[in-house]
Amino acid sequence: MYLSIFFFLLLWAQALTLKNLNYSVPEEQGPGTVIGNIAKDARIGLEQTGQGQAKKANFRVLENSAPHLIDVDPQSGLLYTKQRIDRETLCRRNPKCQLSMEVFANDKEICMIKIDIQDTNDNSPTFPSDQIDIEISENAVPGTRFPLTSAHDPDAGENGLKTYQITRDDYNLFSLEVKSRGDGTKFPELVIQRPLDREERSHHTLILSATDGGEYPRSGTMQINVKVIDSNDNSPVFDQPSYVVEIPENSPTGKVVIDLNATDPDEGNNGQVVYSFSGYAPERIRELFSIDSRTGVIKIQGEIDYEESPIIEIDIQAKDLGPNPIPGHCKVTVKVLDRNDNWPSIGFVSVRQGAISEAAPPGTVIALVRVTDKDSGRNGQLQCRVLGNVPFKLEENYDNFYTVVTDRPLDREVQDEYNVTIMAKDNGIPPLNFTKSFTVKILDENDNVPRFTKVVYLLQIPENNIPGEYLGSVLAHDPDLGQNGTVYYSIVNSNVSGGDVNTYVNVNAANGAIYAVRSFNYEQIKYFDFKVLAKDAGSPHLESNTSVRITVLDVNDNIPVIVLPLLLNDTAEIHVPRNVGVGYIVTTVRAVDNDYGESGRLTYEISDGNEDHLFEMDPVTGEVRTAHPFWEDVSPAAELIVRVMDHGKPTLTAAARLIVKAYNGPLPGGEPRINEENRNWDMSLPLIVTLSIISVLLLAAMVTIAIKCKRENKEIRTYNCRIAEYSHPQLGKGKKKKINKNDIMLVQSEVEERDAMNVMNVVSSPSLATSPMYFDYQTRLPLSSPRSEVMYLKPTANNLSVPQGHVGLLETSPPGPQLVPDLVPDLVPNLVPNLVPDLVPDLVPDLVPDLVPDLVPNLVPDLVPDLVPDLVPDLVPDLVPDLVPDLVPDLVPDLVPDLPVTQQAK
């Protein structure tokens, strides 16, 4: 078995490929013979499932030209024979015998398969008969030819008929010449080699053998009986030994093909010529043509088809009517001219079983189309296209084979079915065209999100509704089919006024109807919003949501309540002085209604007891005034029924009884005074004043807390005293120590200065006993100045008394000004409130301008007792006048016990 495979690969979307496979198989193979393995030869791999296992392969035959002879195993992809294949029966005399098949592999690869049936030399050449008789005149000259019947070998190619030969020619009187016709078939002619002598031998028996060209040649024989007869002087002779004519196919019957002419110089019957087909002419020739025996005119009597036989050869013989005639022969070759007489034909092979998913990308193969035309040349050249505005197109592959593919994205919701019409037209004159249609259904995919008819649904419900009452519906459309278009509704979890929204409303999952779960109160909640989710049942689910606002409508469900005047059993007694005149405000009736809008708008009126029109009532403000100057004379004790009405539907009212009494003298105890000066007094004014006072107190408290926090921050502030690196080189560079206020103390100086200057020494505390950073500075505090003036600390002599345990380094220290610049920034702001920049210009020239403004506010008296315990009695009298008076009592309440005396003395 010989296998030849040619791959022509064209990729489409989703790995859809078209592969061409060519196989060959010898004829006469029995059933079950494997022709080829499509899966292996087309290199079709196995798909992997989600669990990593190989998915079972599948092969589906789309079209099979010989389903009774060949088939494909649907699982393994093996191509095999179903029964014995006889090439001669299948293809007759066609030199090319081929079967075709289209297979769809793994639902993504199309295999175009062609199978050539190879011929085997299983047939021997055969003659129509076992023997023939030929009469030859004894005066036949050498070279005279006599056509013989041809042998037939159904095998093709090399296995077909190859040659002829004669045997048993004992006298070498005859020879054989083999000629070929236009269709390639070979025929023999018997040729006379030497003159014949009837008296010497009147009969000759020859054996004609036909041999094929197979590997193991086969042959067939026929016996030729030659009878030598008396001479007939002359034989008919044609003008030409052969003729060539052309006729178009489908020529009408009766049309003359050729008018033959043969002459015989004899007279009488010996010269009368009769025409006929050769005795060995095929039966098909006799069906297509006729010949007039007397005139030699050949006419058409059958249907001439170019596709059946483009060349027809006719053997004609002419003989006279004399005794022992010797026929003359000629050959007429008829060339059939092709005409555009065959309509194109279209064959469909559906790949998708007539349906395709709307999610299929452009380029997805829908069907295979085979277009054929039996005509040849231009008449058989075809053009093919898809008609109409449909999302499909044709792609040409080879050998008039096309694929129908999608041209653009599909949308089932726009159109769920297409009628695809394909037209094939040839290039003949005039052109012939043929159309054929097939239907493609679009399968639904879950590609549409449910869409609500509104972006926001506004629903209203009156308050005091019944739980379970229908509020309204939401509606979402999904144009998909089946489960893909089935929509289910649900409420998105959220909170409404601190509670779960599902405790307020719920929604019917099937139809989107929204129901109230509870009874709503307009005075508690006026509206609330939530979202409703619409989700389809497709896979995967698609969803969308919309907003719903439930507005609670106010219902007039609250009766007005009278709050002024104070009622007891719906009655109030009011005392009014006599002689107050007209317009005096007797009282003001006030009522409240928790409803809103018109339902909460109130109107006041006197409904009863005012028949004499002694009083009148403002319907808006509720003020009751005197309307008669001498009402007390008419009715010293009037009883009025006052009614308060809202404007809701239905109207709700409240009533009170007012007993108005006239009196002389002061009002009874506890009776409020109502006059024109305070009649417009609003109850909200005291509330506003109270809130304002509370706000001021809160602000003051915040300011106090802020000041206290700032004071505490100053208290914990550290003091950084550094000894200049050049003063103590033995300490090394970079060694610093932070000194807190507890490490510093003031002691009385032993040196008495003049001008009433108190001299204080600043020394290190016992906590620095082991520290090499001992310091001793002297300060002069001018207490007699009109304002406090404190000089920068300056070094003093070493004769100061140092607390026991201190190790002094002052003797080896350079003068004080070298240490002061490092000490002042941290120490001075907490010691003194005022600095005198002109006294220490060379100590801190750049520090004072920024330091002084922050000294006085940052003075923290709580630190003073620790820093200057002996300094305060003399220092405070000069400091107090310069301090903020409001801060001193709070800052140093216990520090200045003699402050008032000092203040008086000054």
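The values are calculated or read from the model by the stated rules, or taken from the named source; none is laboratory data. Note that the structure is a prediction, hence the values are computed from the model and not measured. All Cβ positions, even for glycine, are placed from backbone atoms using ideal geometry, and neighbour counts span all protein chains on display. The protein model used for the area step is the full one, side chains on, heavy atoms only, and it has no ligands, DNA or RNA in it. Shrake-Rupley method; radii C 1.70, N 1.55, O 1.52, S 1.80 Å.
Remarks
- Fraction of accessible area attributable to carbon and sulfur, segment 519-658 (%, probe 1.4 Å): 50 percent
- Karplus-derived 3J(HN,Hα), 6.51/-1.76/1.60, for each residue of segment 643-655, Hz, glycine and proline x: 10, 10, 10, 8, 10, x, 10, x, 6, 10, 10, 9, 10
- Cut-off under 5 Å, modelled amide H: who pairs with Gly472 long-range: Ile514
- Counted charge near Phe401, where neighbours are those whose Cβ lies closer than 14 Å (Asp, Glu -1; Lys, Arg +1): -3
- Full extension of the chain between Phe630 and Asn419 yields a length gain of 65.5 nm, computed as 0.36 nm times the residue separation minus the alpha carbon distance.
- Of the GluC sites (Glu not before Pro) found in segment 560-634, the ones in coil according to DSSP and having at most 16 other Cβ atoms within 10 Å of their Cβ are Glu611.
- P(r) tail fraction, segment 258-361 - alpha-carbon pairs more than 18 Å apart, %: 62 percent
- Burial ranking of peptide ranges 691-699, 473-481 (average Cβ count within 10 Å, highest at the top): 473-481, 691-699
- Peptides 391-404, 82-95 ordered by packing proxy, namely the average of other Cβ atoms within 10 Å per residue, highest first: 391-404, 82-95.
- Which listed pairs, of Lys299/Lys331; Lys335/Lys436; Lys227/Lys319, have C-alpha distances above 23 Å, in listed order: Lys335/Lys436
- Calculated from backbone phi, Karplus (6.51, -1.76, 1.60) coupling profile of segment 694-699 in Hz, x at Gly/Pro: 4, 5, 5, 5, 5, 5
- Test item: Cα-centred dipole of segment 300-381, Lys/Arg +1 and Asp/Glu -1 on Cβ, debye: 200 debye
- Dipole of segment 76-181 [Lys/Arg +1, Asp/Glu -1 at C-beta], most positive-end residue of Thr144, Cys91, Pro128: Cys91
- Chymotrypsin sites (Phe, Trp or Tyr not before Pro) within segment 151-242: DSSP coil, no more than 16 neighbouring Cβ in 10 Å: Tyr171
- The residues packed around Asp153, meaning those with a beta-carbon under 12 Å from its beta-carbon, carry a net charge of -2 if Lys and Arg are +1 and Asp and Glu are -1.
- Taken per residue, the accessible surface of segment 137-243 reaches 51 Å², heavy atoms only and a 1.4 Å probe.
- Within the shell defined by Cβ-Cβ distances under 10 Å, the residues around Asp375 carry a net charge of -3, with Lys and Arg each +1 and Asp and Glu each -1.
- Each peptide in 333-345, 310-322 was scored by the mean count of other Cβ atoms within 10 Å over its residues; highest first, the order is 310-322, 333-345.
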